[in-house]
1. Which percent of Cα-Cα pairs in the stretch 360-447 sits in each 10 Å bin, short to long?
2. Once you order the gyration tensor axes a ≥ b ≥ c over the Cα atoms, which shape class does the stretch 221-355 get: rounded for a/c under 1.5, otherwise prolate or oblate by comparing a/b with b/c?
3. Tell me, in nm to one decimal, what length is gained between Ser142 and Thr574 on full extension, where the rule is 0.36 nm per residue of separation less the Cα-Cα distance?
4. Say R0 is 60 Å: what FRET efficiency, to the nearest 0.05, do Val262 and Thr414 get from their beta-carbon distance?
5. Beta carbons within 10 angstrom, averaged per residue: use that to sort the peptides 300-310, 279-289, 571-581, highest first.
6. Would you work out which of Ala443, Ala331, Ala410 lies farthest towards the positive end of the dipole of the chain, given +1 charges on the beta-carbon of Lys and Arg and -1 on that of Asp and Glu, about the Cα centre?
7. Would you work out which of Ser142, Val320, Gly56 lies farthest towards the positive end of the dipole of the chain? Charges go on Cβ: Lys and Arg +1, Asp and Glu -1.
8. Among Trp140, Trp37, rank each residue by its count of other Cβ atoms within 10 Å, from fewest to most, as a rough exposure measure.
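What follows draws every value from the coordinates through simple rules; no lab data is involved. In this text, all values refer to a predicted model and were calculated from it rather than measured experimentally. Here the Cβ is made from the backbone with ideal geometry for all residues, glycine too, and neighbour counts use every protein chain on show.
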Amino acid sequence: MKKQSLALCAGVVVWLSGAARVAAQWETQSLTIKPGWTAVYVFVDASYTNLDYLVGSDATNPIDQIWMWEPTVSPVQYVTSIQNPVTGNSQWANWARLSTGLSRNLAALAPNAAYLVHSTAAGNYTWNIVGKAAAPNYAWSSSSINLVGFRTVSPQSPLLDQFLTLAPGLSNSATFYQYGGGDLSSNNPAQVNFYHTVAVNPGQAFWLSAPGFVNSYYGPFSVDVSPGATAFGASASSTSFRLSNQSVSNLTVSLSLVGSQVAPAGQTPIAGLVPVVVRGAQNSTNLTYRATDLATAGSLSWTLAPAGQAGSVVTVVFGVNRAVLTNNPGAYYAGILRFNDSYGLSQVDVPVSAVAGSYAGLWVGQAAVSQVSAYLKSYQTDGSGAPVQGANGAYVVTGVNTNLGGTASAYPITLIVHNDGANANLMQRVFYGQDVNSNTVVATAESVLDPAQLGTARRISAIQFPWTTNNQTWPFTGQLAPGASLTTLASVAYDDQINNPFLHTYHPDHDNLDATKQNQLPLGSESFQLDRQITLNIAGPGNDYNSLTQYGQSLSGSYGEAITVRGAAGAARTFNVAGAFTLNRLSPISTLTRPR
């Protein structure tokens with residue numbers, strides 16, 4: 001068919017690609033390429049490599065030209081009939097083998113795009129394209145002709161009339177054209193006259209002429225997800241997709257999780273299947289959400305009302321189970337979310353991935369002390385109930401109750417913990433902001449920060465711990481990780497005029513000085529040493545959705561503190577407090593910067 005263009009403006013998009021090492025979820029799209037010209041629609045992203053390697057380096061591959069159809073990019077540009085690939089045509093970008101002598105401005109295959117492919121083979125050729133799974137993204141122009149393909153199910157591809165039964169609007173409005181192979185001519189592409197004889201093969205592209213018609217049907221259902229939202233990386237935990245019924249009948253859409261193929265050479269290796277959990281109904285008692293492990297469940301499904309009716313659209317929240325991604329920080333996990341409809345017409349693949357994160361960084365939270373140990377003595381009594389005195393005249397003690405008891409209200413303690421990946425330290429204060437090189441830092445002193453950017457910097461302090469000039473930190477034994485128990489000792493010297501609560505510097509009876517105000521008194525005279533042994537017992541995650549997906553960013557457990565008061569001649573008494581704590585990671589920066 002001849003090209004008829006009312007107005008054409010120059011503007012060709014060139015897709016370039018390097019051989020960069022990237023993370024992806026891999027699958028193979030198989031396309032049948034006929035001798036001569038075949039129109040295909042590519043669903044996978046093969047831009048990790050270039051066409052010179054993907055096609056040109058394979059001597060057994062008979063493809064010698066690939067032309068990518070580029071939709072209208074200007075409001076003054078209208079294409080009302082089929083365009084054949086012609087050098088210099090603004091609606092096409094092309095790649096060709098060097099031997100053809102054709103100019104080239106297409107370097108790699110982009111996903112969700114239509115291509116016209118030329119083969120020199122005498123028979124059909126199966127072109128297997130290994131690429132990254134890509135979420136669907138269709139663009140429809142009501143003012144020009146469209147070259148599109150459909151994500152149907154193979155090997156039993158539906159016939160065109162069966163595929164369009166659920167979309168009478170498109171069936172009645174559009175004229176379909178397809179390529180039959182061979183040379184381009186006035187009858188190639190040819191109009192499809194008998195829909196019951198033409199199969200809608202996955203990846204086959206058709207020209208659709210439907211002037212003034214706005215189409216949203218590329219299959220019985222659509223999956224809408226924000227670009228990049230399913231690449232969770234090392235910290236993201238939750239996102240959502242929207243399922244929409246695009247048909248005129250009730251429809252059930254099922255979801256399953258399938259594994260990725262082995263990554264091609266030079267690409268990020270895949271450690272395993274990404275653990276996807278889907279948020280379920282809310283528990284009205286504790287307001288948590290049920291979590292369903294997609295791999296364990298096998299599949300989930302949703303029944304949708306006909307398009308345009310209430311219940312035709314559902315939003316599904318899902319995320320990564322961070323609680324099981326606790327080993328090998330940096331390991332890459334991937335998979336594919338596969339959607340199918342109850343009519344067996346369409347299959348849509350959406351990539352999903354996550355990186356195992358570490359627990360390194362700055363963690364800030366709070367402990368709530370809700371229990372304090374008693375120190376209650378029991379005394380011996382005589383028959384009348386009167387206390388019995390010993391030989392020294394003191395009442396006879398028969399026991400001391402030091403059990404924990406509840407407090408009237410919880411006492412808050414701010415917790416600042418920095419973890420470098422191997423060692424965790426409790427801090428009294430921390431500074432977070434930009435240094436003079438505009439690098440974001442976690443620092444022990446304000447002097448590390450850029451004075452010109454202090455307005456956006458932050459200081460976080462815990463007044464419940466001793467202040468020191470050099471901002472002393474207290475190292476924890478144990479690692480910051482699920483199920484771990486961390487312990488540290490924060491002591492306050494008996495003569496510490498800044499932090500010791502027994503000292504009142506300007507009170508003559510509590511300044512720990514003798515009458516001359518020149519000499520320190522010994523331990524236990526007016527003041528006591530305090531040893532605070534602090535223990536954080538980190539609990540495992542709960543079974544609810546938020547606990548599982550946010551586990552890499554939030555930790556909680558039980559808080560314990562043994563406070564030992566030490567006096568003269570080795571005298572000591574210990575008091576225990578207990579409660580619960582929660583820590584939230586404010587920054588993944590593992591380096592704690594100190595002044596030089």
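1. 13, 23, 18, 15, 12, 11, 6, 2, 0
2. Note, shape of the stretch 221-355 comes out oblate.
3. Details: separation 432, 0.36 × 432 = 155.52 nm, distance 7.98 nm.
That pair, Ser142 and Thr574, stretches by 147.5 nm at full extension.
4. Between Val262 and Thr414 the formula returns 0.80.
5. On the way: 300-310: 14.6, 279-289: 11.7, 571-581: 16.2.
Put in order of decreasing packing, that is 571-581, 300-310, 279-289.
6. Ala331
7. Farthest towards the positive end: Ser142.
8. Ranking Trp140, Trp37 by Cβ neighbours within 10 Å, fewest first, gives Trp140, Trp37.
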